[in-house]
Amino acid sequence: MDLILVNLIDGLVTGLLLFMLSAGLTLIFSMMGVLNFAHASFYMLGAYFAYQISIYLGFWMGLLIAPLVVGVLGAGVERYGLRRVHQYGHVPELIFTFGLALLIEELVQFIWGKNAMPYEAPESLQFTAFSIAGNSIPAFKVFMIFTSVLIFIGLLYVLTRTRVGMIIQAALSYPRTVEALGHNVPLIFMGVFGVGTALAGVAGVIAGPVLSTFPGMAFVLGSIVFVTIVIGGLGSLWGALVASLLIGWITTFAKAYNLRMEDLLTTLGFTKPEPIWDSAWRDLWTLTSPQIADILPYILMVLILIFRPYGLFGKRDA
Amino acid sequence: MKKSLKLGLGAALAVALSAASGFAENVKIAFIDPLSGPFASTGTNGLHQYEFAADYMVNQNGGVLDGRNFEIVAFDNKISPKESLIQLQVAIDQGIRYIAQGNSSGVANALTDAIDKHNRRNPDSRVLFLNYAAVDPALTNDKCNFWHFRFDANADIKMDALTDVIVANEDIKKVYIIGQDYSFGKAVAAAATKFLGEKRPDIEIVGNELHPIGKVKDFTPYSRKINASGADAVITGNWGADMLGLGKSVIENGFEGPIYTYYAAGSGITAAFGDTGKGRIRLISQGGINPIASEEARAAYNAFKEKYPEGNIDQSRIFNVIGMLAQAIEGAGTADDVVEVAKQLEGMEYESMWGGKVFMRPQDHQLIQDMNVGVHTDENIEFDYDTSGYGILTESTIEMASMDSATTCKMRRP
């Protein structure tokens, strides 16, 4: 019972982290129709920038400045890169962002090298917030939860309650009409891209100390972010949140409990072939849930695509 | 006119070719390991150590066989066995006769098979496999062949030495074994279970689990399980990003016992553990760095630091590979007939600057050497890792570890 609670908290942390990445990506996709392959690279840049700033000015300045730098970089990429490629259609845009992801990874290795960086949580958060049955929850994780929840509330408020948000939402579905009403749609696009990448930057800043800051960090998170927005429904903030939490909890619980395929198959009335090591079904029978935990989200995505192609909260066909 | 031009060109080409072969040709060693992806840092650091060792130990002393230099040619295999076989072919096509690889026993298993086949079919372009870090015991047992030489102690030898230290600690009643899901991780788990069972049957193994290699983003759920199991100690063979992720997560989430590892040092890992791992992380390795084994090694390490101020010599066996290969080539009087070189390597006794004598066991091509168990600390550290102030301090040494261990190798010699 205690362990369930601990796993709920761990899954929440993973899920909220994923949300910060997918929120930006899903907004960018629904607005510009661009799958930004470089999104996770901006997350990595956030971590590296924050590490570099934290050496001189401490963690908190890193948290403030790094996402801003990443956001400005992202806006620049939209303004001077994507906008030029846009006229040639979606495929060149895809290739552009794909190339950008590779470029950023090489650049990071060029500047910081291939080793992991000793990027640490600030002194003031290096204590155990509380522990449940011997499992300590580090204060930094609590901080991560609060930061992401605050960002979600902020985003939701801006998108649904403010004038800027309304224009963004309108530009999502009727860009020409919004333009005709005198709004500068390219500027809105640039802004959304900038904010989206800045969010990824924030995720990087607070994930770097926990998941370690190394050149492969974009790669390990890259694909799962796309899975999240497909499950959640393209362009839906709530969808991104629900899908992220779902994925966070599914993977955490699958890893935390050794559910064995053997037990499942026996309950279903199959008998275990003996001797098992000669059987063609050996791999299936010896499967355990931690082994497949990381592909469960992909299975979920396939199911969603079959039964509800527009995602959990999506409004239109993908 | 045209004809004479062709003739002239042909003659010029012939002259150029013979001139090239007249010069002392470099002895090329193909380094096939990950230089990109999650394990890039481990591979790149290994490459630096190879390049340095070749230059420092051989080229600066006039090379081998009257002036032939060692040259390390790097190939990126992205830690994929498939990619490695392609790179192996490229290396062979370039006329390279020595293949060095170490990261991942999965790759080493693929390479050793491919090299065995290649050498049987192409007696004119045979190659030697210098395995400097892949420690799956099968490579010098069931899967052994004449072309494969292992310069690191295999997983069984290491676990034998490591468990000696574990069983000496009376506080340890329950251990948790966790590793990467491939041949090496499984070998570590099997060896740990076997040796603990023999030495201290009262120790309970409360967890024995494998996780996907290089794919886990967050190790928190695993550390929760370790905590919940009530384990007093953790044993892991993890390396690279997986070691870093697991170690950090286990410590952060409240585990308080010691962690026994194979590879928890260097490549940014030592810096990342810093104070949190002090006195708790132990690892088994060959070659003593703190205290340094010899003046020669001290000079070598300082020269390395001058070239790579941020670098570490965390795989000192690479120096043994280069030193022994040079000695074997000198002894054979040729660098191109690898059968002769292999015969020299077999049974070779070599004085390692990193401490002690090493011996290449002829029956299975497993190098027998002193094993050290060290602890991660910042006290009495002369050579730290990752310029962090922390390093590995040798606590105990087992001389010529597992010298008489059994092998199932039935080697076919050419």
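Subtracting the Cα-Cα distance from 0.36 nm times the residue separation, let me have the gained length for B:V73 to B:N302 in nm, one decimal.
Length gained between B:V73 and B:N302: 80.0 nm.
Describe numerically, in nm with one decimal, the distance between label points set 7 Å from Cα along Cα→Cβ at A:K272 and at B:R121.
Output for this residue pair reads 4.2 nm.
Length gain on complete extension for the stretch B:N380 to B:Y350, per 0.36 nm per residue less the alpha carbon to alpha carbon distance?
Answer, rounded to one decimal: 7.9 nm.
To one decimal place, what Kirkwood hydrodynamic radius in Å is obtained for the range B:180-303 from all pairs of distinct Cα atoms? If you can, show how the numbers build up before the last one.
Values: mean 1/r = 0.0634 Å⁻¹.
About 15.8 Å for the range B:180-303.
Hey, any idea what % of chain A's accessible area is carbon plus sulfur with a 1.4 Å probe?
Looking at chain A in its full context, I get 71 percent from C and S.
Quote the FRET efficiency, to the nearest 0.05, computed for A:L284 versus B:D113 with a Förster distance R0 of 25 Å and r equal to the Cβ-Cβ distance.
0.40
Rounded, prolate or oblate: which one fits the range A:1-102, using the alpha carbon gyration tensor with axes a ≥ b ≥ c (rounded when a/c is under 1.5, else prolate when a/b beats b/c, else oblate)?
Here the range A:1-102 falls in the oblate category.
So, how do all the Cα-to-Cα distances of the range B:155-205 break down into 5 Å bins, in percent, from 0 on up?
Once binned at 5 Å, the Cα pair distances of the range B:155-205 give 5, 23, 33, 24, 12, 4, 0.
In vacuo Debye scattering of chain A, one point per C-alpha: log10 I(q)/I(0) at q = 0.11 Å⁻¹?
Computed log10 I(q)/I(0) values: -0.74.
Quick one: which bits of the range A:234-256 get at least 40 Å² less accessible when the partner protein chains are in, versus the chain alone, with a 1.4 Å probe?
With the partner chains in place, the range A:234-256 has these residues losing at least 40 Å²: A:K255.
If you take every residue apart from B:D55 with its C-beta less than 13 Å away from the C-beta of B:D55, what net charge results, scoring Lys and Arg +1 and Asp and Glu -1?
-2
Report, in cubic angstrom per residue, the convex hull volume of the C-alpha atoms of the range A:182-318.
163
Using a 1.4 angstrom probe on heavy atoms only, work out the carbon and sulfur share of the accessible area of chain B in %.
Exposed carbon and sulfur together represent 51 percent of the surface.
Normalized C-alpha radius of gyration of the range B:64-108, against 2.2 N^0.38 Å?
The range B:64-108 yields a ratio of 1.31.
Go ahead and collect, in residue order, the members of the range A:212-238 whose backbone nitrogen is under 15 Å from a label point 7 Å along the Cα-Cβ direction of A:T160.
A:236-238
Just give the residues from the range A:280-318 buried by at least 20 square angstrom of accessible area in the all-chains context relative to the isolated chain, probe 1.4 Å, and say none if nothing qualifies.
Residues shielded by partner chains are A:P290, A:Q291, A:D294.
Are there DSSP H segments in chain A that both extend 24 Å or more along their axis (alpha-carbon positions) and score a mean Kyte-Doolittle hydropathy of at least 0.5? List them, or say none.
Those that clear 24 Å and a mean of 0.5 are A:2-32, A:39-57, A:59-77, A:90-112, A:139-161, A:185-211, A:237-256.
Please give the FRET efficiency for A:I295 paired with A:E123, using the beta carbon to beta carbon distance and R0 = 35 Å, rounded to the nearest 0.05.
With R0 = 35 Å, the Cβ-Cβ based efficiency is 0.35.
If you take the square roots of the eigenvalues of the alpha-carbon gyration tensor of the range B:17-136 and sort them as a ≥ b ≥ c, do you get rounded (a/c under 1.5), prolate (a/b over b/c) or oblate?
On the way: a/c = 2.11, a/b = 1.30, b/c = 1.62.
Judged from the Cα gyration tensor, the range B:17-136 comes out oblate (a/c at least 1.5, b/c at or above a/b).
Could you list log10 I(q)/I(0) for the range A:127-256 at q = 0.12, 0.14, 0.17, 0.23 Å⁻¹, which the Debye formula gives when each Cα is one point scatterer?
-0.61, -0.80, -1.10, -1.57
Between rounded, prolate and oblate, where does chain B land on the alpha carbon gyration tensor, with a ≥ b ≥ c its root eigenvalues, rounded for a/c under 1.5, else prolate if a/b exceeds b/c?
Prolate shape, in that a/c is at least 1.5 and a/b is the bigger ratio.
Using Cα-only point scatterers and the Debye equation, what is log10 of I(q)/I(0) for the protein assembly as shown at each q in 0.05, 0.06, 0.08 Å⁻¹, rounded to two decimals?
Taking Cα atoms of the protein assembly as shown as identical point scatterers yields -0.28, -0.41, -0.71.
Accessible area drop of at least 30 Å² (1.4 Å probe, protein heavy atoms): which residues of the range A:124-157 qualify, relative to the chain alone?
Buried by the other chains: A:N135, A:S136, A:P138, A:K141.
Per-residue counts of other Cβ atoms within 10 Å, averaged by peptide: what ranking do you get for B:360-368, B:143-151, highest first?
B:143-151, B:360-368
Taking 30 Å as R0, compute the FRET efficiency from the Cβ-Cβ separation of A:S131 and B:K278 and round it to 0.05.
So the FRET efficiency works out to roughly 0.90.
Distance check, please: which entries in A:K255/B:K173; B:K186/B:K215; B:K215/B:K248; B:K217/B:K278 exceed 21 angstrom between their Cα atoms?
A:K255/B:K173; B:K217/B:K278
Only four residue types carry charge here, +1 at the Cβ of Lys and Arg and -1 at the Cβ of Asp and Glu. Report the dipole size of the protein assembly as shown about the Cα centre in Debye, rounded to the nearest 20.
Its charge dipole is roughly 2780 debye.
Give a residue-ordered list of calculated ³J(HN,Hα) values for the range A:266-272 (Karplus: 6.51 cos²θ - 1.76 cosθ + 1.60, θ = phi - 60°; whole Hz; x for Gly, Pro).
5, 5, 6, x, 7, 10, 6
Remind me, relative contact order of chain A in percent, using alpha carbon pairs under 8 angstrom and six or more residues apart?
The value is 31 percent.
Label 7 Å along Cα→Cβ of A:E262; the range B:205-225 residues with amide nitrogen under 18 Å?
Output list for this probe position: B:205-211.
Which value, in square angstrom to the nearest 100, describes the accessible area buried between chains B and A on both sides, using a 1.4 angstrom probe?
Numbers: alone 16800 and 16550 Å², together 30590 Å².
Counting protein atoms only, the buried area is about 2800 Å².
For A:206-215, what's the mean count of beta carbons from other chains sitting within 10 Å of each residue's beta carbon?
The per-residue average across the peptide is 5.
What number comes out for accessible area per residue over the protein assembly as shown if the probe is 1.4 Å? Units Å², please.
Accessible surface, normalised per residue, equals 42 Å².
For chain A, modelled as a GNM with alpha-carbon contacts under 10 angstrom, which of A:S279, A:S173, A:S124 fluctuates the most?
A:S279
The values are calculated or read from the model by the stated rules, or taken from the named source; none is laboratory data. Note that this is a predicted model, so its numbers are computed, not measured. Every residue, glycine among them, receives a Cβ derived from its backbone with ideal geometry; neighbour counts consider all protein chains shown. Just the protein is used for accessible areas: all its heavy atoms, side chains included, with ligands, DNA and RNA removed. Shrake-Rupley method; radii C 1.70, N 1.55, O 1.52, S 1.80 Å.
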